[in-house]
Amino acid sequence: MRFQSKNVLITGASRGIGLSIAKAFAAEGAHVFMTARSEERLKAEAAAINNTGGSACWYIMDVASDKSVKQTTQAVLTDFGQIHILINNAAIAHQELFLKNDASIARMEMEVNYFGLLRVARAILPSMIEKNEGTLVVVSSVTGRVPYPTQSTYSASKAAIIAFSEALRGEVKPFGIKVIVILPGVTDTEMAKDIIIDGPPPQKPEKVARIVVDAVASGKKEVITNFPSRMFIILKKLVPNITDRIMISSSKRFIGNQK
Ligand SMILES: NC(=O)c1ccc[n+]([C@@H]2O[C@H](COP(=O)([O-])OP(=O)(O)OC[C@H]3O[C@@H](n4cnc5c(N)ncnc54)[C@H](OP(=O)(O)O)[C@@H]3O)[C@@H](O)[C@H]2O)c1
């Protein structure tokens with residue numbers, strides 16, 4: 001019960017990693033605010049948490065919409081006073097060769113994955129600064145450090161949020177606010193099910209969620225969630241040419257299908 005009575009707002013909590021994070025914080029005594037666009041899923045999953053002794057409520061929030069983010073965050077802050085931990089997790093991902101990828105898809109990935117994070121952070125951070133406490137968790141991806149062929153625009157959005165988070169960390173530290181970056185490898189969720197990658201087996205979202213909760217408890221700055229991803233990130237620094245070859249080889253099946 002490391003987070004008894006803490007308010008935790010999670011974006012993209014209707015399924016996948018975000019839902020597992022909501023369950024993991026609720027199991028540690030936190031009050032979780034689950035947000036996403038799918039009303040039915042949010043309602044059912046929040047009820048499931050409440051039925052098993054946790055404390056959850058849900059809000060519709062589209063991180064790509066200024067109006068939606070403003071309305072929801074204002075409602076939560078008015079009703080509950082404070083968000084102690086903000087988990088920026090909502091994202092979309094596409095796999096396509098860059099030249100076949102419609103420009104509107106790349107734009108939408110940036111709108112949700114990058115500008116969505118900025119929107120929610122801008123809405124919540126002032127209240128954390130006022131209270132001189134808070135933790136901002138940013139769920140990026142190993143592709144933010146080791147970009148993956150066939151996911152160039154998604155990888156770019158994930159690299160952008162790492163750079164943003166590292167710069168922001170210095171700005172908010174004087175106010176007692178921590179910024180934690182999470183770099184998951186391939187995880188067994190709806191997002192990953194249509195992505196063709198030949199590599200290590202996917203990890204379970206529950207495992208990523210446990211790592212997130214532990215990272216917040218210990219205040220780590222950055223966590224890579226599995227061993228293969230840690231290896232890829234180290235190899236990329238030490239032997240970038242070999243790492244590039246591994247990435248090309250693991251995307252060959254998708255590229256082959258496209259020819
Ligand atoms: N799965 C992987 O292999 C993997 C690997 C590395 C990193 N990640 C990262 O982990 C995070 C979670 O991914 P996941 O695998 O759990 O994906 P997922 O199963 O597709 O879930 C994505 C979540 O984001 C929400 N979402 C999408 N667009 C939104 C929008 N405009 N506004 C609000 N919510 C939105 C979805 O809910 P609604 O559709 O209901 O809005 C859903 O709850 C993402 O940041 C992803 O980049 C995933």
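Going through the cross-link list K70/K173; K178/K220; K158/K252, which pairs have a Cα-Cα distance over 18 Å in this structure? Show your work: numbers first, answer last.
On the way: K70/K173 24 Å; K178/K220 9 Å; K158/K252 22 Å.
From K70/K173; K178/K220; K158/K252, over 18 Å: K70/K173; K158/K252.
For the chain, which whole-number percentage of the solvent-accessible area (1.4 Å probe, protein heavy atoms only) is attributable to carbon and sulfur atoms? Write out the running numbers ahead of the final one.
Working: 6960 of 12470 Å².
Carbon and sulfur together cover 56 percent of it.
For M61, which sequence-distant residues (separation of 5 or more, or a different chain) have an amide H within less than 5 Å of its own amide H, given hydrogens modelled in the peptide plane?
It is A36, R37, by chain and number.
For K23, tell me the accessible area in Å² from a 1.4 Å probe, rounded to the nearest 10.
Approximately 100 Å² for this residue.
Please give the solvent-accessible surface of D62 in Å², to the nearest 10, using a probe radius of 1.4 Å with every protein chain present.
About 50 Å², ignoring ligands and nucleic acids.
Between the range 168-214 and the range 58-75, what is the separation of their alpha carbon centroids in Å?
22
Using amide H atoms built 1.01 Å from N in the peptide plane, name the residues 5+ places from Y148, or on other chains, whose amide H lies under 5 Å from its own.
S155
With each run of n ≥ 4 DSSP H residues scored as -39500 (n - 2.57), what mean residue ellipticity at 222 nm is computed for the chain after dividing by its residue count and rounding to the nearest 500 deg cm²/dmol? Numbers along the way, then the final one.
Numbers: 11 runs with 132 residues, N = 259.
Calculated at 222 nm, the ellipticity per residue is -16000 deg cm²/dmol.
Hey, in the GNM for the chain with a 10 angstrom Cα cutoff, which one of L117, L77, L19 fluctuates hardest?
Evaluated over the chain, the most mobile residue of the options is L77.
Which of the aspartates and glutamates could a cross-linker bridge to K23, judged by Cα under 16 Å and excluding same-chain residues fewer than eight apart?
Reachable aspartates and glutamates: E45, E206, D214.
With all protein chains present and a 1.4 Å probe, how do Y59, Y148 order by accessible area, largest first?
Details: Y59 40, Y148 10 Å².
Ranking Y59, Y148 by accessible area, largest first, yields Y59, Y148.
The values are calculated or read from the model by the stated rules, or taken from the named source; none is laboratory data. Everything numeric in this text was worked out from a predicted model, so none of it was measured. Areas reflect the complete protein model, heavy atoms only, side chains present, ligands, DNA and RNA absent. Shrake-Rupley method; radii C 1.70, N 1.55, O 1.52, S 1.80 Å.
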